[in-house]
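The values are calculated or read from the model by the stated rules, or taken from the named source; none is laboratory data. Nothing here was measured: the structure is a model prediction, and the numbers come from that model. So basically every Cβ, Gly included, is an ideal-geometry build from the backbone, and we count neighbours across all protein chains shown. Each accessible area value is taken on the protein alone, full model and side chains, heavy atoms only, with ligands, DNA and RNA left out. Shrake-Rupley method; radii C 1.70, N 1.55, O 1.52, S 1.80 Å.
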Amino acid sequence: MFVIDCPYCGEREQSEFKAGGEAHIVRPKQPTELSDDQWAEYLFMRKNIKGIQFERWVHIHGCRKWFNVVRDTSNDVIKAVYKMGEKPPTN
Amino acid sequence: MTKNLRVKTSKFIDETYKISFKFNGTTYYGYKGDTLASALLANDIHLVGRSFKYHRPRGIMTAGSEEPNAIVQLHSNSARTEPNVRATELEIYEGLEASSQNCWPSVNFDIGGINNFLSPLLPAGFYYKTFMWPASFWEKYEYFIRKSAGLGKSPTKPDPDIYEHKYIHCDVLVVGAGISGILAAKTAAKNGFKTLLVDEKSYLGGSTIYQNSEKYRINNQNSSSWLEKEINEIKKLKNLEIKTRTSVAAFHGYNFLLARESLTDHIPLNQRKNKTRQRLLKIRAKKVLMATGSLERPLIFDNNDRPGILLSSAIEKYANLFGVACGEKNVIFTNNDSGYETASSLFQKGIDVQAIIDNRENIDSKLIKEAEKNNIKIYKGYTVVNTFGYKRINKISVMQLSKDGQKVVGSKISIACDCLGISGGWTPAVHLFTQSGGKLKFRDEDQVFIPDKYPSDQISIGSCNGEFTLDEILSSLPNKLKEFLNITKTDYENLEVQSSYNKSKRNIWLLPSDKIFGKTKSFIDYQNDATARDIKLALREGFRSIEHVKRYTTTGMGTDQGKLGNMHALGIISETANTKMGEIGTTTFRPPYTPLTFGTIVGRNVGEYFDIFRKTPIHEWHVKNKAEFENVGQWKRAWFYPKDGEKMHDAVQRESKAARDSAGILDASTLGKIDIQGTDASEFLNRVYTNAWSKLAIGKCRYGLMLNEDGMVYDDGVTTRLDENHYIMTTTTGGAATVLGKLEDYLQTEWPELDVYLTSVTDHYATVSVCGPNSKKIVSQVIPDLDFSDDNFPHMSFKNAKIGKIKCRIMRISFTGEQSYEINVQANYGKSVWEKCMEIGKEFNITPYGTETMHLLRAEKGFIIVGQDTDATMTPIDLQMDWIVSKKKYDFIGKRSLYRSDTIKEDRKQLVGLLTENPDEVLEEGAQIVADIRKSPIEMLGHVTSSYYSPNLKKSIALGVVRGGKNMMGQKLIIPMENKQINVTVADPVFLDKENKRLNA
């Protein structure tokens, strides 16, 4: 069970959080302009990386805020957390 | 006739405290401090069980949690019965009753023993191969296989004991209280770390505390007295918590460990009442020091599993710690110096040692010299080739090993004995370390896996790190602790340690025999009856991965999880397949390290505490009026109110009729309620619902349908505009939390620019819904100040009002098709408002109705229930609800998905009404719908989603989803049931009052 450093509350047990899938997938501003394939790309296609992955989490049993997590899926080490709207760390 | 094999007094055994216990129905005596195993051995009992597959007689093999054979059932047939308890761990208490497992009718005469003679027919994979054909017979085979599978019997009565869970946060956790663990815990605690020290045993000090301490000296004292002083000191440390009888079951990522603390398992049953039996500790440690020690390896030779054959270290422990001799004529068989330590301890206690068989040839050490001096016959360069005695070993035969150790040479020598100690060297207990994600490396010189890469802030110290002698451990410990704890000094710099142990070892994974290999039974995994032959068979049949060999042969499965047999399986694979041990790796050692009871895992979450449930503020009234309840999410909802012994059907028919003929009342408090405020509230609703919201006037209500981004219906409910920037949304009862979560997600991540605030107010309001043709008369008496005329208060509108001093919000909305008013009041007034409605409604026969009637009434009107008539594959178009999907809005959640190539297909499953040919026949919900039953395979068109007998229409009605159903109006379809077919006609899903006349009647 991870310890996640919520950017608003600090370190908490994983059981207080809920995972929300891959991060930085922006909902298209004009969905009607998209072809079926483009829409499907947004709707269904997700990466499943062994290694560094950017993902969304929400402190569901805490402050209820969404934020981003950089996690190495091979060993579950969390490399960074940052708020929604912030740029992902480059290193 | 049993003997007494208690030898010299041991300070760990209290001989003034005699304890009686029963084993297989016979009463025996032991002393306080005994385990069941030591007490049985003191009574000269070795045979305690039968092996799993071949039902071979098996005895006590070890003196710890790695025990594969001596597994017993406690208190058979009582509520406290427990299977698979290791006799080597169980401390005896007055009244203990234990019995053997896996044998019938008794451990001495076991019919399953026939399997032993059939064993040539039962090799690895026997079940896979034999019962594959003919495939249709599997069900018959399975019955018999299942009967013979499994070890003990699980309890059938409720567990009378109390269990609990506890969280512990500490700076340093030390696992294992042997000498390394004690010194590490003391160092950590003295340097200001909040430290927790746990050990599975009842005493501290590990093996050092009872070992033959004249052999080991620390600073010129014998090692056990030196360690005893350290133990007395750590007991006084404030920063240190010590928990004995606490077994770490699992080591997860981020230094999260689960441990079982056993509190009452060692005290008499009659003293356990109202005490917590076991605690599941959930430990989060900043740093973890693993000091889990090592396990002695057996040796693999023909018939190495007879009762009376024990690990050499176990014999030493029984002699030194419990003062028990395991036999009167002992032989030690070893490939390293450990066997001589045992011999020396036995000699000191006056226990006879007949001989020592040593695989090593040209070898000398202080320990060997001592054995020679004690006139013990030593066979150097020899091996045991066979053992004799069915229920207890009585003889062994030994032969000389060839130079390469692959063959035996010379003539066979027989040695009589009643106990054989075996030592194949030591295996670090790295199970927990690998559970945490740690990677091992193989050390060639002594053929052991040791920790290599640590995945978290932890280290392994002592023999679990491959340091097997006291001088090795104590010379490296100070620097390791300094580095790990980032401190400058320990109390243990430059200790003077004397040890007489010679580290040489002659490792032969599978010892040769004079018999042909196919005739030998050399057990590798005692618990699962896996032999060396099984491993080789698996290799011959092409298995190479250790994980596959494990599954095929069952080596290292069960409670063993690679404790005893694993290394030899690897060794034999390595030799046979000519692969390096390090490349093969080990199997995955899974948690729990030792088995946990279900009681410990569930803790206090049993009975009514199994899951939380929510009650409405009106719940008490429903209970008092004999409602039956159903679970909706976590809510207990009134289901129906049986009157005078009514069955459910009759109650529902009565309630449904009353609601349409006069008046009904429903507790709707469980509906999800979300308060929405902010200048962009209207825009937000526009984006989350399929219909338009901007033009909804203040004081008006509107039904909304919410989709997922994939276009599928997610939730529905009525939302009311309370003010310019203020709405209250209702959701389905079960969907309240997830809808709020989803809306928050969009708000925070996709549309942070919107000025909108969401608050869950589900629990803040109680909702009383009064419906029926007389509802208006009732509510206008309940709230006399409000003008209920249709002009002032039309359908789909809302009013603020007061009942006396109680503020309330009244929505005129309907889920039944009847005129209907929902009165929302602050939760704690809910019951009084309900009672007031009941009292005033009496003259109109106001009838409380539950969820079942609610479902029936809405089905008459063709209103859907999200989650019953829909699953995650229904679009609003599929539901024939095109009217609610705005064509004008540029975007809303799920809009784009409504015209994907898949969602616009004509032959999707669509919601339709179904009418049965026989109006009295009620369909089964979930029944399949087909058009043609002659064609094979029969094409499934859909299924029935809702079905009732309508007392108002006097016929059976149903909703269902049917492929292409929209264009099938009037068509005949078939519902095939087990014994009959039911003919149905596709109909409009609105069965009653399509013109909505009743809403304003």
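Determine the alpha carbon to alpha carbon distance for each of B:Lys482/B:Lys503; B:Lys909/B:Lys972; B:Lys624/B:Lys836; B:Lys166/B:Lys742; A:Lys29/B:Lys742; B:Lys673/B:Lys888 and list only those over 23 Å.
Flagged as over cut-off: B:Lys482/B:Lys503; B:Lys166/B:Lys742; B:Lys673/B:Lys888.
Among B:Tyr714, B:Thr679, B:Ala668, whose Cα lies farthest out toward the positive end of the dipole of the range B:667-802, if unit charges sit on the beta carbon of Lys, Arg (+1) and Asp, Glu (-1)?
B:Ala668
Using only C-alpha positions, report the orientation-averaged shadow area of the convex hull of the range B:1-56, nm², one decimal.
Over all viewing directions, the range B:1-56 projects a mean Cα-hull area of 4.7 nm².
Using 7 Å Cα-to-Cβ label points, what is the B:Lys994/A:Lys29 separation (nm, one decimal)?
According to this spin-label approximation, the distance is 4.7 nm.
Which value in nm describes the separation of the simple spin-label points at B:Glu917 and B:Asn220, placed 7 Å from the Cα toward the beta carbon?
Label-label distance for B:Glu917 and B:Asn220, simple model: 10.7 nm.
Of B:Pro773, B:Ser476, B:Asn222, which is farthest towards the positive pole of chain B's charge dipole, taken about the Cα centre with +1 and -1 on the beta-carbons of Lys, Arg and Asp, Glu respectively?
Comparing the listed Cα positions along the dipole, B:Asn222 ranks first.
Roughly how many whole Å is it from the C-alpha centroid of the range B:885-906 to that of the range B:1-55?
The distance from the Cα centre of the range B:885-906 to that of the range B:1-55 comes to 76 Å.
Heavy-atom accessible area per residue, the protein assembly as shown, 1.4 Å probe: how many Å²?
Roughly 43 Å² per residue, with all protein chains present.
Would you work out the charge dipole size for the range B:511-651 about its Cα centre, treating the Cβ of every Lys and Arg as +1 and the Cβ of every Asp and Glu as -1, and quote it to the nearest 20 debye?
For this selection, approximately 200 debye.
Which positions within the range B:234-265 get 50 Å² or more of their accessible surface covered by the other protein chains, compared to the chain by itself, with a 1.4 angstrom probe?
B:Tyr254
If the convex hull of the alpha-carbon atoms of chain A is projected onto planes in all directions, what is the mean projected area in square nanometres?
6.8 nm²
Show log10 I(q)/I(0) for the range B:298-424 at q = 0.10, 0.16, 0.19, 0.22 Å⁻¹, two decimals, from a solvent-free Debye sum over equal Cα scatterers.
-0.26, -0.70, -0.99, -1.34
How large is the Rg to Rh ratio of the range B:926-980 when both quantities use alpha carbon positions and Rh follows Kirkwood?
Ratio of gyration radius to Kirkwood radius for the range B:926-980: 1.00.
At a probe radius of 1.4 Å, figure out the A/B buried accessible area, summed over both chains, and give it in Å² to the nearest 100.
2300 Å²
Could you tell me which residue out of B:Gly49, B:Ser789, B:Thr27 lies farthest along the dipole of the protein assembly as shown toward its positive end? Charges go on the beta carbon: Lys and Arg +1, Asp and Glu -1, centred on the Cα centre.
My answer, from the dipole projection, is B:Thr27.
Calculate how many DSSP beta bridges within the protein assembly as shown are antiparallel, expressed in % of all such bridges and rounded to the nearest 5.
75 percent
Nothing charged except the Cβ atoms of Lys and Arg (+1) and of Asp and Glu (-1): what's the magnitude of the dipole of the range B:384-446 about its Cα centre? Round to the nearest 20 debye. Write out the running numbers ahead of the final one.
Working: 9 positive and 5 negative charges, 45 e Å.
So the magnitude is around 220 debye.
In terms of the Cα gyration tensor, with a ≥ b ≥ c the square roots of its eigenvalues, is the range B:619-660 rounded because a/c is under 1.5, prolate because a/b exceeds b/c, or oblate?
It comes out prolate by the Cα gyration axes.
Between Rg and the Kirkwood Rh of the protein assembly as shown, both from Cα atoms, what is the Rg to Rh ratio?
Computed over Cα atoms, the ratio is 1.07.
Using the C-alpha atoms of the range B:628-769, what convex hull volume per residue, in cubic angstrom, is computed?
Measuring per residue, one finds 134 Å³ for the Cα hull of the range B:628-769.
Scattering from the C-alpha atoms of the range B:516-596 alone, worked out with Debye: what is log10 I(q)/I(0) at q = 0.17 1/Å?
Taking Cα atoms of the range B:516-596 as identical point scatterers yields -0.60.
For chain B, what does -39500 (n - 2.57) per DSSP helix run (n ≥ 4), summed and divided by total residues, give at 222 nm, in deg cm²/dmol to the nearest 500? Mind showing how you got there, number by number?
Values: 23 runs with 206 residues, N = 1001.
Theoretical 222 nm ellipticity from helices: -6000 deg cm²/dmol.
Taking only the alpha-carbon atoms of the range B:456-552, what semi-axes of the equivalent ellipsoid follow from 5 times the gyration tensor eigenvalues under a square root, in whole Å, largest first?
Output for the range B:456-552: semi-axes of 43, 20, 9 Å.
Please state the equivalent ellipsoid semi-axes for the range B:705-821: what are the square roots of 5 times the Cα gyration tensor eigenvalues, largest first, in whole Å?
Its equivalent ellipsoid spans semi-axes of 31, 16, 13 Å.
What shape does the range B:951-1001 have by the C-alpha gyration tensor, where a ≥ b ≥ c are the square roots of the eigenvalues, rounded means a/c under 1.5, and otherwise prolate means a/b greater than b/c and oblate the rest?
It is oblate, given that a/c is not under 1.5 and a/b is not larger than b/c.
Charges only on Cβ, +1 for Lys and Arg, -1 for Asp and Glu: so what's the dipole of the range B:14-117 about the Cα centre, in debye to the nearest 20? Show your work: numbers first, answer last.
Values: 9 positive and 12 negative charges, 87 e Å.
In total the dipole reaches around 420 debye.
With a ≥ b ≥ c the root eigenvalues of the C-alpha gyration tensor of the range B:791-949, is it rounded (a/c under 1.5), prolate (a/b larger than b/c) or oblate? Can you show the working numbers first?
Values: a/c = 3.20, a/b = 1.61, b/c = 1.98.
It comes out oblate by the Cα gyration axes.
What are the residues whose amide H is under 5 Å from the amide H of B:Lys349, where those residues sit 5 or more places off or on another chain and H is modelled from the backbone?
Answer set, sorted by chain and number: none.
Looking only at Cα atoms, what is the convex hull volume of chain B per residue, in Å³?
On the way: hull volume 230.3 nm³, N = 1001.
In chain B, the Cα hull volume divided by residue count equals 230 Å³.
As an exercise, find the ratio Rg/Rh for the range B:701-768 from alpha-carbon atoms, using the Kirkwood inverse-distance average for Rh.
0.95
With just the Cα atoms defining each centre, how far is the range B:460-484 from the range B:277-321? Give it in Å.
Between the Cα centres of the range B:460-484 and the range B:277-321 lies a distance of 19 Å.
Could you please state how large a percent of the accessible area of the range B:572-695 is carbon and sulfur, counting protein chains only and using a 1.4 Å probe?
Carbon and sulfur together cover 53 percent of it.
Between B:Asn77 and B:Asn270, what is the spin-label point distance in nm, taking each point 7 Å from the Cα along the Cα→C-beta axis?
2.1 nm
Rounded to the nearest Å, what's the spacing between the alpha carbon centres of the range B:363-386 and the range B:597-646? Just the number, please.
72 Å
State the percent of C-alpha pairs, over all pairs in the range B:827-872, separated by a distance greater than 15 angstrom.
The calculated P(r) of the range B:827-872 puts 62 percent of pairs beyond 15 Å.
What is the set of long-range amide H partners of B:Val385 at a cut-off below 5 Å, with H atoms built 1.01 Å from backbone N?
B:Ser397, B:Val398, B:Met399
Which values, in whole Å and largest first, are the semi-axes of the equivalent ellipsoid of the range B:14-117 obtained as the square root of 5 times each eigenvalue of the Cα gyration tensor?
Values: eigenvalues 110, 40, 29 Å².
Computed over the range B:14-117, the values are 23, 14, 12 Å.
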